[in-house]
Amino acid sequence: MKDRQFSGSRGCLSREFDSELLVYDPQRNVGHCLNSTAAAAWKLCDGNNSPSQIARTLSRRLSAHVDERVVLLALDQLANDHLLVEPEAPG
């Protein structure tokens with residue numbers, strides 16, 4: 001997962017509440033409440049950012065070091081919750 005790029009799941013609805021983000025997956029009829037770090041990582045999952053790029057972007061935005069392992073943990077949980085789509089490998 002370290003060097004792969006992911007996209008946020010299509011069709012999910014999201015709404016911000018203070019420092020958290022509620023993401024609703026209508027296909028599974030499940031809502032997920034993401035903390036600020038997971039929410040920021042999810043928003044950066046556009047298919048163009050690797051975990052290391054996400055960590056660097058978050059570090060700049062938060063003016064504090066965000067370890068890539070934290071991003072990987074967040075991405076792992078997001079993937080387990082079906083909130084990420086892994087791009088298809090080129091044929």
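Along the three principal axes, how long is the stretch 9-85 when you take its alpha carbons, biggest first, rounded to the nearest angstrom?
Computed over the stretch 9-85, the largest-to-smallest principal extents equal 35, 26, 18 Å.
Near the amide H of V66, under 5 Å away, which other amide H atoms are found, from residues 5 or more places off or on another chain, if H is placed in the peptide plane?
S59
Among residues other than L58 whose Cβ falls under 11 Å from its Cβ, what is the net charge (Lys/Arg +1, Asp/Glu -1)?
Net local charge, L58 excluded: +2.
Taking the Cβ of L34 as the center, what net charge do the other residues with Cβ under 13 Å away carry, scoring Lys and Arg +1 and Asp and Glu -1?
Within the 13 Å Cβ shell, the charges total -3.
Tell me, what HN-Hα J-couplings in whole Hz come from the Karplus equation 6.51 cos²θ - 1.76 cosθ + 1.60 at θ = phi - 60° for each residue of the stretch 57-65, using x for Gly and Pro?
Per-residue couplings from phi come out as 5, 5, 4, 5, 5, 8, 6, 8, 5 Hz.
Taking H placed 1.01 Å from N in the peptide plane, check which residues at least 5 places from L84 or on another chain put their amide H under 5 Å from its amide H.
S9
No value in this document is a laboratory result; all are computed from the given coordinates. Source: prediction; values computed, not measured. Note: ideal-geometry Cβ built from the backbone for every residue, glycine included; neighbour counts use all protein chains shown.
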